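The values are calculated or read from the model by the stated rules, or taken from the named source; none is laboratory data. On a predicted model such as this, the values are computed, not experimentally measured, just so you know. All Cβ positions, glycine included, derive from the backbone under ideal geometry; neighbour counts span all protein chains shown. Surface accessibility is based on the protein's heavy atoms, side chains included, excluding ligands, DNA and RNA. Shrake-Rupley method; radii C 1.70, N 1.55, O 1.52, S 1.80 Å.
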Amino acid sequence: MRKNRAVYLLLALALVAAACGDSAGDTTTTAAVATTTTAPAATTAPPETTMALPAVDIGVDFEAGKIYVGMLSDLTGPFGPLVTPIVDGHSVYWENVNANGGINGLEVELVVKDTQYIPDNHVQFYGELKEEVVAFGHSTGSPHTMAIREALEADGILAVPLTWYSGWSDPALNSNLVPHGAPYCIEAMNVLEYLSKKFEADNGAKPSLAIVSVPGDYGLDSAIGAALAAAALGLEVVYDGTGKVIPPAAGTTFDPTEFVTGIVGSQADIAFVTATPGTFSGIYGGSLAQGFEGIWSGAAPSWNPAFIGPDSPIRGGIARDFWGSAYISPWSSDAPGMKELRDLFAELRPDAPAHDYYGEGFVEASILHAALQKAYDNGDLTQAGVVAAAKSLENVDFGGIGPAETYVGEPNDRLQRQSLMFRPDPADLDAGGSGTTVVEDFFTSDIAAAYEFTGACYKLEG
Amino acid sequence: MRGRPLLFTKYTADQALLPTGTKKVMAAIFVALLVSIPFDLIPGLGFLAANDWLKTLTRVFIFAIGALGLNILTGLAGQVSLGHAFFMGIGAYAAAVLGAAPGALWGLGLPIWIWLPAAGLVAALVGVIVAPTAVRVRGLYLGIVTLALVVIGGWLFRNTESATGGSQAGRNFPPFELRLWQEEKPFLSFAEDGPWFGIDLSAEAKTYFFLLVLVAVFTLVAKNIQRTRVGRAFQAIRDRDVAAEIMGVDEFRYKMLAFAISSFFAGVAGALLASFVGRMIPESWDLALSVQLIAIVLIGGAGTVSGTLMGAGFVVIVPRFVQELTDLLKETIEEGEGVLARIGDVFIATSGSDGGIINTLPGSGPGLSVFQLNLVLFGLLIIAFLIFEPLGLYGIWLRIRNYWKGWPFTY
Amino acid sequence: MSAPHGGGPAAWMLLFQVEQPSFLEKLPDALVAGISAGAVYAMLALGFVIIFKATQVINFAHGALSATGAFMVAALATVLRFPGRFIDGAPKAVQWGLSALLAVFAAALLGMAVERLFIRPMVGEPLFTIAIITLGIDVVMRTVTSDFIGTDIRPLGDPWGANSFEAGPFRVAHSEVAQIVVAVVCLLGIWIFFRTRFGVAMRATAYDQEAAMTQGIKVGRIFSVAWGIGAGLAAVAGLFASVFPRSTGVSSFTAFVALGVFPAIIIGGLDSVPGAVIGGFIIGLAEALAGSYLTFDFLGTGFAGVFPYIVMLVVLLVRPYGLFGTAEIRRV
């Protein structure tokens, strides 16, 4: 009987807490204030009272002086180690902007949701946030962003994609998305041309290629780009594991055996693996165990600096075999934008470790900043107004962190085709750096330059 | 007779679903309560009329349907099954293939009155196919065989991309709307805000009513199964299957029937869940979903229908409610006043540099995130209920009821 | 670590004058992978069966115990550097070995704590209920451990690294050799243990609890030790599941490696200790061979993970109590 009394007590407490919890629940829903263009007579009116305030609908609160921006991030899923620094980059960027007057006095506040890289969560959080924010600072994952693409268009909201699927630049598919960086398809062409030329120069023969990828538009876009590059360069594809790598989920583990057997057995010279960092390291480790020596590369999100961590068993192997590509300059770059980033981090986040992906956060936030500012200047800071402003941006500059982006004009002309090549540097990581050294600053391969972009390399169904 | 409610003079009265007057009244009140929730009529429960709470309640109904099926299999017939998620997935994809609009993935665009029952029937068929293997083994061996079903099912779903959209990508599922055949505009759509009989309802409220009707139907079916010959055969098999066989209960046939019926429920629940969420990836139909359903059945009270319903409400609402509680605590801490704020601050971390057991950050931070806290609580609740109250919520309800029945002579 | 490119396969290629990897070429790697995976599964299955035989409990929390054990190795060896910190002069391997032993011991204590807190009060309750309680324990332990591990993969800092031995067509990683050696040592240890007085007492308890109690055997202590041994073996298995080449460390998914123990147990028979070990090796080999050979297009991807379960179903159809399990006789 004693045991049961404790249970009843807990139940009673729970009921009481339920009553208390829910009455406060109403106040936690963040501002969805609809104000008109007439300036409010509130005490916290923005400083520039001489200008008429822009029209707003959702996500802007003049009384609180805030603009709300939603973030659909994968913080604890397979790309968590990469997205967390990106979100930190966003936070530091906006802290700096807010400290310097914000957007005409309005501070930008991020509402971050962790989707864990699960499309249902992504769709669900989108549904919740679209009533609270004026735009999305980023949306992680290609299939996930595809899942909300139609809704973004129907609801008239802007999102900066944190994915490099070529579909975002596709005239037929591009809804309210403002991508940056070379799409996976183009990146594969850049990488393979660079590596193939290097191999030919070193060995006097064309390399053979193994292409392995996860399914979905992330993996398949990259794999198709690799196949196109192989065809253009005359490389033989000796093993094709396109779309076969299934990352582990709750209840399943990842078994790299079939890919290891495929890559090692085919004796490929270059292994191009587009996957999550976890599955990439599994396939790499298995192949290393079988004595495989070759050139390893893949789309940028396959790389995680933890590969060359001090205790990592594949540290030496990765340092020897891996050639990485990136969309942005690494932490140690001399670009003025990166210098500014390092200074800001030293000031606002002195304990944060060096990481290449803070720059990614800065680039995404810069795009949104430009869009928000332009929307404000146009007098229309509604969700639709931000979309219109973003789509009219030209030559958004990132201070050298990444190549400038334009959102007006023909898709084929404004498609970003530049990539950067780096190599892992364990000594740099040990010394407190980010673990990468640039071997080729932003370049465009001949194949990519000649490529006629008429639509997404990989068309996703459904 | 008025004063002796438990004195039954006819078999029909004994077998009735609501035998006593009190039960009838309570059932009526309960149903009225459920119907009135979206209209914000009850003071104090007004918060439930908000769209996100309606969605939570609708989710409760969907899980209740699935759990009712598992209750028939595990609680009534005593067959341990960890494979319920597999049948839900089968039902969902059958519904998708039949009901989704034609496109790059398979879809025939048929109306709901075809795809919803078909989801159940296809799942039931698969249940019948699986049954002979499952019936050969008993007890916990069966549990592990059904675990194999989930694993094999996961592989099957991931590799039939034309039907499921493939791993990581998933597909969209047909929305809730009533059509006669494949015409353009459905004559009744649950997906839009708009008036019904003059009352303005949101899409969430309409879906809520749709599922309320469905869960009522399935509850009646489940309760009826319990009191028929089939139900009694199931219970005989659960209690002593050798003795049941001796008595003439064909073990093989009834076990297969139990699998078929529970798979039907699971298939329908899977199709409803998929359409409700809108988009599911093949990995969603995993062991964790099966465990959630088993937990609902066991926490609610295995073998009882009302227990299962209570269990569904409990398991789906508790995470929601933990989220609200932590949000409330976070606000209190940020305001910084009062004892609660100080105590809360010790346990809860509101930023990366704070210390605490639970953190309110969206990603990872010191301590458990709210998502992880919900998982831990879920596990602890399973353990607590099974140790302290094996009859589950139904058992607690029985105790409360018996206490008040004997009041004030409770000794 | 620099071995000549394609040392193993190249030799065979010369012999057979073929371009593509043939059946025989893949065999050595598949066998090595299969046997070392089999060793991991065998240790998991052994721990599981000991717990089952002694306490009649199907332990769904085995995966969580193995992941927690592996994490404790990582924490003690790389983060806390304990007790390596105090014996700086000793070689790195000794320091790491001590941390690993300590972690395994801590995992065994954890297993005993779980038994005392959650299983002991449930003596006499239906087995299904206790099995679901272990499911609840699994969820809790796995979540808390995942929270500690974080989103990255945590390397264990083991001394074997990525080094391997080569002998003809066979290429065996140092860690794989260690795996097999440790598995054999554990098997021998268990075999010897069951011949000690306490081990005989445990066998008696497994056979008939009540009779054992009447003989004066302290059944409670038997339970604790059984869970301690089971958890310790799980931790060792978890350790080997988190080293090269299987993985680069322990992650939140390491716990699911132990799901492979179920087909192993079923094939061997739930209550047979030698059956568990044999079942473990069968499953390991099945997975490795399926990964290497069963890569036809129509099987799609990830079939290697499913194949053990199919083998299990086939075995069950033929022998419903596993290869070595004791059949219940039911006549109707």
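Selection of helices (runs of 4 or more DSSP H) fully inside the range C:213-330 by the criterion of at least 3 residues being modelled with pLDDT under 90 and either within 14 Å of chain A (Cβ to nearest Cβ) or open to solvent by 30 Å² or more (accessible area, probe 1.4 Å) (or both) returns C:273-293, C:303-318. Residue B:6 meets the stated requirement of being in contact (Cβ under 8 Å) with a residue 12 or more places away in the chain, assigned to a loop (DSSP other than H, G, I, E, B) and over 30 Å from residue B:259 (Cα atoms). If you scan the range A:251-265, which residues turn out to be modelled with pLDDT of 80 or more and at the interface with chain C (Cβ under 7 Å from one of its Cβ atoms)? A:255, A:257, A:258, A:261, A:265, listed by residue number.
Can you name the residue in the range B:284-304 that is crowded, with 23+ Cβ neighbours inside 10 Å and closer than 28 Å to residue A:150 by Cβ and is also nearest to the other protein chains (Cβ to nearest Cβ) among such residues? It comes out as B:284. Selection within the range A:117-158: residues that are among the small types (Gly, Ala, Ser) and in a helix (DSSP H, G or I). The member of this set that is nearest to the chain's Cα centre (by Cα) is A:142. In the range A:323-362, which residue that is crowded, with 19+ Cβ neighbours inside 10 Å and of a type in the set (S, T, N, Q) is farthest from residue A:94 (Cα to Cα)? Checked the range A:323-362; the qualifying residue farthest from residue A:94 (Cα to Cα) is A:325. Collect the residues in the range A:61-94 that are away from chain B (no Cβ under 13 Å) and either farther than 13 Å from residue A:355 by Cβ or open to solvent by 10 Å² or more (accessible area, probe 1.4 Å) (or both), keeping them in residue-number order. Listed by number, the residues that qualify are A:61, A:62, A:63, A:64, A:65, A:66, A:67, A:68, A:69, A:93, A:94.
Let's see how each residue does on (1) over 19 Å from residue A:246 (Cα atoms); (2) touching a Ser or Thr at 6+ places or on another chain (Cβ under 7 Å); (3) not assigned by TED's automatic domain parsing to the domain that holds residue A:189:
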| site | (1), (2), (3) |
| --- | --- |
| A:122 | yes, yes, yes |
| A:125 | yes, yes, yes |
| A:129 | yes, no, yes |
| A:137 | yes, no, yes |
| A:144 | no, yes, yes |
| A:149 | yes, yes, yes |
| A:162 | yes, yes, yes |
| A:167 | yes, no, yes |
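The set of residues in the range A:89-136 that are among the acidic types (Asp, Glu) and more than 27 Å from residue A:216 (Cα to Cα) comprises A:95, A:107, A:109, A:131, A:132. One residue stands out in the range A:271-291 among those that are buried (at least 24 other Cβ atoms within 10 Å of the Cβ) and not in a helix (DSSP H, G or I): the one that is farthest from the chain's Cα centre (by Cα), namely A:290. Look at the range B:366-385: where a residue is within 20 Å of residue C:149 (Cα to Cα) and more than 7 Å from chain C (Cβ to nearest Cβ) and a partner is open to solvent by less than 40 Å² (accessible area, probe 1.4 Å) and assigned to a helix (DSSP H, G or I), sitting 6+ places away or on another chain with Cβ atoms under 6 Å, you get B:370/B:326; B:374/B:322. In this structure, is residue A:101 under 28 Å from the mean Cα position of the chain (by Cα), assigned to a loop (DSSP other than H, G, I, E, B) and at pLDDT 55 or above? Yes; evaluated as a whole, the condition is true for this residue.
Summed over the range A:406-445, the residues that are of a type in the set (D, E, K, R), farther than 30 Å from residue A:351 by Cβ, open to solvent by 40 Å² or more (accessible area, probe 1.4 Å) and touching a helix residue (DSSP H, G or I) at 6+ places or on another chain (Cβ under 9 Å) give a count of 2.
When residue A:453 is tested against (1) at pLDDT below 90; (2) buried (at least 21 other Cβ atoms within 10 Å of the Cβ); (3) under 21 Å from the mean Cα position of the chain (by Cα), exactly one condition is not met: (3). The numbered conditions (1) surrounded by fewer than 22 Cβ atoms within 10 Å (Cβ to Cβ); (2) at the interface with another protein chain (Cβ under 8 Å from one of its Cβ atoms) are all true for residue A:236 except (2). The range B:181-265 holds helices (runs of 4 or more DSSP H) entirely within its bounds, and those carrying 1 or more residues that are surrounded by fewer than 18 Cβ atoms within 10 Å (Cβ to Cβ) and over 24 Å from the mean Cα position of the chain (by Cα) map to B:229-239, B:241-247.
Per this entry, residue B:347 is counted among residues that are farther than 30 Å from residue B:23 by Cα and modelled with pLDDT under 75. When you check residue A:248 against the structure, is it part of a loop (DSSP other than H, G, I, E, B), farther than 26 Å from residue C:23 by Cα and of a type outside the set (D, E, K, R), yes or no? The answer is yes for residue A:248.
Entry remark, the range C:77-105: residues being in contact (Cβ under 8 Å) with a residue 40 or more places away in the chain and among the aliphatic types (A, V, I, L, M) number 5 in total.
This table checks each residue for (1) of a type in the set (Ser, Thr, Tyr); (2) away from chain A (no Cβ under 14 Å); (3) farther than 30 Å from residue C:26 by Cβ.
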| residue | (1), (2), (3) |
| --- | --- |
| C:157 | no, no, yes |
| C:164 | yes, no, no |
| C:167 | no, no, no |
| C:172 | no, no, no |
| C:179 | no, no, no |
| C:195 | no, yes, yes |
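In the range A:88-106, is there at least one residue being in contact with a Phe, Trp or Tyr (Cβ under 7 Å, 6 or more places away or on another chain) and within 28 Å of residue A:448 (Cβ to Cβ)? The answer is yes; a qualifying residue exists. Can you find even one residue in the range B:117-138 that is within 14 Å of chain A (Cβ to nearest Cβ) and over 24 Å from residue C:300 (Cβ atoms)? No, the conditions are met nowhere in the range B:117-138. One residue alone among A:115, A:145, A:163 is buried (at least 24 other Cβ atoms within 10 Å of the Cβ) and within 14 Å of chain C (Cβ to nearest Cβ), and that residue is A:115. Residues in the range A:204-224 that are open to solvent by less than 10 Å² (accessible area, probe 1.4 Å) and under 12 Å from residue A:237 (Cβ atoms): A:207, A:209, A:210, A:211, A:212, A:223. Somewhere in the range B:93-100, is a residue modelled with pLDDT under 90 and either away from chain A (no Cβ under 13 Å) or surrounded by fewer than 22 Cβ atoms within 10 Å (Cβ to Cβ) (or both)? Among the residues of the range B:93-100, at least one is modelled with pLDDT under 90 and either away from chain A (no Cβ under 13 Å) or surrounded by fewer than 22 Cβ atoms within 10 Å (Cβ to Cβ) (or both), which makes the answer yes. Does at least one position in the range A:361-376 carry a residue that is part of a strand (DSSP E or B) and more than 21 Å from residue A:433 (Cα to Cα)? No.
In this structure, residue B:314 qualifies as in contact with a Leu (Cβ under 7 Å, 6 or more places away or on another chain), part of a helix (DSSP H, G or I) and either among the aromatic types (Phe, Trp, Tyr) or open to solvent by 30 Å² or more (accessible area, probe 1.4 Å) (or both).
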